[in-house]
Amino acid sequence: MAWLTRFTTAVAFLAVGVIFSPESFGSLSEGQKLPILITVVKLAYLLCFSTAWGAALWVTFIGGIIMFKNLPRHQFGNLQSKMFPAYFSMVGVCCAVALGAFGYLHPWKSSGAAEKYQLGFLLAAFGFNLSNLVVFTPMTIEMMKERHKVEREANIGEEVGWTKNQEVAKKNPKLASMNKKFGMIHGLSSLANIMSFGSLAIHSWYLAGKISL
C-alpha cells in the first residue's frame with residue numbers, strides 16, 4: 001500500500017471519528033460542550049504523545065533487537081543509519097507538539113504542581129530526542145562508517161552478531177580502539193534514548209490516572 005493511500009485511509013478514519021463523536025450527535029449537555037479548538041488541541045496532544053510513546057517502545061525494545069539478531073551487522077548498521085534520524089525526528093516533533101498542546105491546556109501560572117512536573121517530563125523527552133538527532137546520532141553514524149572500513153579490511157561484518165568482531169579485535173589494536181570509541185558514543189546515544197523513553201513512561205502514568213473508563 002502506497003504512503004498516500006495509507007495517509008488517506010488514516011484521515012478517513014479520523015473523519016469517521018469526528019462524525020460519530022458525542023458533539024456531532026448532540027449527546028453532551030451545554031455545560032459539557034467544549035470549543036472546537038480545545039478538542040483539536042487535545043486530539044493533537046493524544047495522537048502525538050501516543051505516537052512518540054509507541055515508536056520509542058517499538059524501536060528501543062523490539063524492532064532494533066529483532067533486526068540485530070537477524071541481519072548481517074553491516075546491513076543492520078546501514079539500515080539503522082537511515083532509520084534513526086527519521087525516528088528521532090518523528091519522536092522529537094511529536095514530543096514538541098504534545099508539549100505545546102499540554103502547555104496550552106495547562107498554562108503555567110494556573111497549573112498545579114503535578115501539571116508543572118509533567119511539562120518538565122515532556123520537555124525532557126523532547127530535549128533528549130533533540131540531543132540524539134543533532135549530536136549523538138550523527139557522531140554514531142560517522143563512527144560506524146569508519147569502523148565498517150576497518151572491519152572490511154579484516155574481512156568481517158557480513159555475519160550476524162558480535163562474535164567475529166570480538167575475536168578479531170583481540171588481535172587488531174586498530175579495531176579494538178574503534179570499538180571503544182564507537183561504544184562510548186553509541187552508549188551516550190542509547191542513554192539519551194532511554195531517558196526520553198523514561199520521561200514518556202512517567203507521563204503515561206500521569207495520563208492513565210486522568211482517564212475515566
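Measure nothing fancy, just the Cα-based angle from helix 36-58's long axis to the longest principal axis of the chain, in degrees from 0 to 90, nearest 10.
20 degrees
In what order do Cys94, Cys48 fall by count of nearby beta-carbon atoms within 10 Å, going from fewest to most?
Taking fewest neighbouring Cβ atoms as first place, the list is Cys48, Cys94.
Starting from 0.36 nm per residue, how many nanometres of slack lie between Leu57 and Glu142 once their C-alpha separation is accounted for?
Once the chain is fully extended between Leu57 and Glu142, it gains 28.1 nm.
Please compute the length gained on full extension between Met83 and Ala12, using 0.36 nm multiplied by the number of residues separating them and subtracting their Cα-Cα distance.
Additional length available on full extension: 22.8 nm.
Which whole-Hz couplings ³J(HN,Hα) result when phi for each residue of the stretch 159-165 is put into the Karplus expression 6.51 cos²θ - 1.76 cosθ + 1.60, θ = phi - 60°, listed in order with x for Gly and Pro?
With the stated coefficients, the stretch 159-165 comes to 9, 8, x, 9, 4, 4, 4 Hz.
Determine the shape class of the stretch 75-144: with a ≥ b ≥ c the square roots of the Cα gyration tensor eigenvalues, call it rounded for a/c under 1.5, and otherwise prolate if a/b is greater than b/c, oblate otherwise.
Prolate shape, in that a/c is at least 1.5 and a/b is the bigger ratio.
Taking a threshold of 23 Å on the Cα-Cα distance, which of the pairs Lys42/Lys116; Lys42/Lys82; Lys149/Lys171 fall above it?
Lys42/Lys82
Could you give the length gained on full extension between Gln75 and Ser212, defined as 0.36 nm per residue of separation minus the Cα-Cα distance, in nm?
Stretched out fully, the Gln75 to Ser212 stretch lengthens by 44.7 nm.
Which is farthest toward the positive dipole end of the chain among Leu79, Phe126, Phe49, measuring Cα position about the Cα centre, with Cβ charges +1 (Lys, Arg) and -1 (Asp, Glu)?
Of Leu79, Phe126, Phe49, it is Leu79.
Over the chain, what per residue volume does the convex hull of the Cα atoms give, in whole Å³?
Output value, Cα hull per residue: 155 Å³.
Which one, Met143, Met184, Met90, has the greatest fluctuation when you compute a Gaussian network model over the chain with C-alpha springs under 10 angstrom?
Met184
Roughly how tilted is helix 137-153, in degrees to the nearest 10 and between 0 and 90, from the longest Cα axis of the chain?
So the inclination is approximately 30 degrees.
Quick one: what are the phi-derived ³J(HN,Hα) couplings along the stretch 103-109, Karplus 6.51/-1.76/1.60 with θ = phi - 60°, whole Hz, x for glycine and proline?
x, 5, 6, 10, x, 4, 5
For the chain, take the longest principal axis of its alpha carbons; what is the angle in degrees between that and the long axis of helix 113-131, to the nearest 10 within 0 to 90?
That helix lies at roughly 40 degrees to the long axis.
Coordinate-derived values only; no laboratory data. Keep in mind that what you see is a predicted model, and the values were worked out from it rather than measured. Backbone-built Cβ (ideal geometry, glycine too); neighbour counts: all protein chains shown.
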